[in-house]
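One structure is given here, and the rest of the page talks about it.
The values are calculated or read from the model by the stated rules, or taken from the named source; none is laboratory data. Since the structure is predicted, the reported quantities are computational estimates derived from the model, not experimental observations. When we count neighbours, we look across all protein chains shown, and the Cβ atoms used for this are built from the backbone with ideal geometry, even at glycine.
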Amino acid sequence: MSETRQSYAAALVDALHDGLRTDPRVSIIGGYVLGLGPQRTLTDRLKQDFPDRVFDPPTSEAGNAAVGVGAAMAGMRPFVDLGTGSFSYLAWSQITNEAAVAHYMTNGRLSAPVTFHLLHGVRGGGAAQHSQSPHAMLWNAPGLEIAAPSTAADVYGLIRTALASPNPTLVVSHAKLLGIETAVPERKSPIPFGRADIKRRGRDATVVATSLMVHYCLAAAEALSKEGIEVEVVDPRTLVPLDEKTILDSVSRTGRLVVVDECPLRGGIASEIAATVAERGFRYLKAPIVRVTRPDVPVPYSLPLENFITPDPEKIAAAVRCVLTAT
Amino acid sequence: MTEGLADTLRWQCLEKMLLIRRFEETVVKLAGDGHFRGHYHLYIGQEGTGVPAITALAAKDHLATTHRNHGHILARGADPGAGLAEILGRATGLNGGRGGTIHLCEPTLGFLSTSGVVGGCISLAVGGGYACAQRRDGSVTMALFGDGALEEGVSFEALNIASLWHLPVIFLCENNSAGAMGMAKGGYPTLVHASTDLLLIPKSLGISSVRVDGVDVAAVHAAATQAIARCRSGQGPVFIEAMTPRWAGSNPLWPELATGITDLRMATGESGTDGPHKQWYENFDPVLRLARELAKGGAESVRRISALDEAARKRIADAADFALASPLPAPETALNHVFAQETPA
């Protein structure tokens, strides 16, 4: 029996197409949802099939985000692509100070169900301004749901859920994920937020990661398996809401935790997950938690510099060995 | 017939303008008596713009307003009791005490979230217009904002998008810098813009633009009506600059009733207008100006003005009683409504 596989990019476009097809309130503001790389033509069929609902906006991240937020407040379900992750800083006010607070500030009488999407991450030669992952900062903006999918099935399911969500949602796609093919079910379906996926079972240590880092963790787990070390890879899939239970249950079985993320260390995603486990699952821990992240430096351009600061399977494997020997 | 229509409209406007004026005067009193803290912004002096413009909208239309929202919310028909309760941070307030004076919002009347970020309202309104265009139901969105909003970068982006996509948005700029004291004597900051003709900004983007006297109710209503019709017919956005001379009480952060409690006898000739604010009373106060026009109708009109004011005062007094008697929110409810429906962890 042959397994069906699909690229992350193709599944993302399927989710948008199905979203447009099933809900007349959905529209897309963003001409390059898949960036400018080889996958970009996959979005052509969105424009062909829904010419009145797919817009090529001007280079105006704040304006585009605001159009999405305002339209959502007026009852629509826009999907706003902000392009490269760091461009979202231009739309910071619209995301954090308009969309995220609207429901709360009106005592629940109004909501802003806009979906923001961006391409994040160290992409290879992106240098400091085209390699960022703003979702750790946005995790500090209450009112925003955040999804960071890692596979074709997950990006499909999470985008469908984001488009249907009554809340403002951020979906981040790592630029290096677009071409990665993974298994997809015959019928892809929405995936509820707040439900982690155990991507690999293992008894010796828990590794928590999202987005591209899940693939690096799986590669590390494969290598460690040859050494007799069985790693459990937990992918929370959404940061908001966060499935604390699945993470804590896994740590209760393994007693050891490595958290992997490409965001900088301080105030980052790995730090938040580590703090949560330290606070709520301290009794399960047989060794100190280890975080594998980018150090607190901007991303450099030249490849050896970039590689030096970016988490990879070898660094993750080393961290697992460390957490297994520490007591 | 036209006269009759305009007359009906003028009386309708006066009623709402009086309600707003008495509301704002009460806000100053409540602040002075220590019933709420924090800075606030009043709509006194701009009633002649917001009221006729909002009256020209239909029920299906959307609006976006700013930190200076009290007049807009009331002009659209929001409950003044719930408005004052919100300003006092009470559970019965429009926003349940989560918004305060800067964020008064009545979603059931078509308001988008009231942004206190300068320029935020312009950009959200373009989103409202985008929604109207997607729905193809002939609805429009009106943004009501001050001249300072045009100093923000997002305003330029939003105007550009509205023009590019022919969105049905009426940008109503209430230019209240006219006659402002500027930064002198610690005065309220006025427009800091390289352009001395703000209409050049929308015009440069191909947006139909017009300037009106913001104290002239009939002129504002005519401009708004024309703009709304143009938007409904799919011809794209319209920019209106309404000149609303700055009220002397508009101090930085904490206004004061510099021109006193509005005395309608100044409009009916029963009271003089002498003193330092003579110009204001005679030319720029939109409430007095409209009342003065209507009072020309004779004794019956004067009685009607007096009755409308009496009713407005009563309604606002009741609203203040309601607000003051309303409970504060239960502290633990501060955790509610972060998310709609299912609350994520």
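A few remarks follow.
- Listing of helices (runs of 4 or more DSSP H) fully contained in segment B:1-119 that carry 2 or more residues being of a type in the set (D, E, K, R) and in contact with a Cys (Cβ under 8 Å, 6 or more places away or on another chain): none
- Condition met for A:V277 (surrounded by 13 or more Cβ atoms within 10 Å (Cβ to Cβ) and assigned to a helix (DSSP H, G or I)): yes
- As for segment B:33-51, it holds no residue that is aliphatic (A, V, I, L, M) and in contact with a strand residue (DSSP E or B) (Cβ under 7 Å, 6 or more places away or on another chain).
- Considering residues of segment A:48-81 that are more than 7 Å from chain B (Cβ to nearest Cβ), touching a residue at least 40 places away in the same chain (Cβ under 8 Å) and not hydrophobic (A, V, I, L, M, F, W, C) only, the residue farthest from B:L167 (Cα to Cα): A:D81
- Residue identified as hydrophobic (A, V, I, L, M, F, W, C), within 26 Å of B:A223 (Cα to Cα) and buried (at least 24 other Cβ atoms within 10 Å of the Cβ) among B:A56, B:A75: B:A75
- Restricting attention to segment A:197-248, the residues that are of a type in the set (A, V, I, L, M) and more than 27 Å from A:G179 (Cα to Cα) total 4.
- Residue satisfying condition, being at the interface with another protein chain (Cβ under 9 Å from one of its Cβ atoms), touching an Asp or Glu at 6+ places or on another chain (Cβ under 9 Å) and of a type outside the set (D, E, K, R), within set B:G120, B:G50, B:G77, B:G129: B:G120
- Screening B:L84, B:L159 for residues that are modelled with pLDDT of 95 or more, crowded, with 24+ Cβ neighbours inside 10 Å, away from every other protein chain (no Cβ under 12 Å) and in contact with a helix residue (DSSP H, G or I) (Cβ under 8 Å, 6 or more places away or on another chain) leaves exactly one candidate, B:L84.
- Scan of segment A:276-304 for residues that are of a type in the set (K, R) and more than 22 Å from the chain's Cα centre (by Cα), ordered by number: A:R280, A:R283, A:K286
- Per-region count, segment B:98-117, residues out of contact with any helix residue (DSSP H, G or I) (no Cβ under 7 Å at 6 or more places or on another chain), more than 7 Å from chain A (Cβ to nearest Cβ) and under 19 Å from B:V27 (Cα atoms): 1
- Tallying residues that are of a type in the set (D, E, K, R), within 14 Å of chain B (Cβ to nearest Cβ) and touching a helix residue (DSSP H, G or I) at 6+ places or on another chain (Cβ under 8 Å) within segment A:221-243 yields 1.
- Among (1) outside any helix (DSSP H, G or I); (2) touching a strand residue (DSSP E or B) at 6+ places or on another chain (Cβ under 6 Å); (3) more than 11 Å from chain B (Cβ to nearest Cβ) - the single one A:L158 does not satisfy: (1)
- When the test is whether a residue is within 12 Å of chain A (Cβ to nearest Cβ) and either over 21 Å from B:V126 (Cβ atoms) or polar (S, T, N, Q) (or both), B:A64 does not pass it.
- B:Y43 meets the conditions (1) more than 12 Å from chain A (Cβ to nearest Cβ); (2) within 18 Å of A:A99 (Cβ to Cβ); (3) aromatic (F, W, Y) in every case but one. The failed one is (2).
- B:V287 being hydrophobic (A, V, I, L, M, F, W, C) and in a helix (DSSP H, G or I): yes
- Residue count for segment B:140-149, restricted to those that are touching a strand residue (DSSP E or B) at 6+ places or on another chain (Cβ under 7 Å) and either farther than 11 Å from B:C231 by Cα or within 9 Å of chain A (Cβ to nearest Cβ) (or both): 6
- Test: residue in segment B:34-41 that is modelled with pLDDT of 95 or more and among the charged types (D, E, K, R): no
- Within segment A:127-153, the residues that satisfy the criterion of being in a loop (DSSP other than H, G, I, E, B), more than 14 Å from chain B (Cβ to nearest Cβ) and either crowded, with 20+ Cβ neighbours inside 10 Å or among the basic types (K, R) (or both) are A:S131, A:Q132, A:S133, A:P134, A:A148, A:P149, A:S150, A:T151.
- In segment A:89-126, the residues that are among the basic types (K, R) and at the interface with chain B (Cβ under 9 Å from one of its Cβ atoms): A:R109
- Within segment A:313-327, residues that are assigned by TED's automatic domain parsing to the domain that holds A:G228 reach partners that are aromatic (F, W, Y) and in a helix (DSSP H, G or I) with beta carbons closer than 7 Å, at six or more positions or on different chains, in the pairs A:P313/A:Y216; A:I316/A:Y216.
- Candidate set: segment A:239-262, residues that are of a type in the set (D, E) and in a strand (DSSP E or B); chosen: the one surrounded by the fewest Cβ atoms within 10 Å (Cβ to Cβ): A:D261
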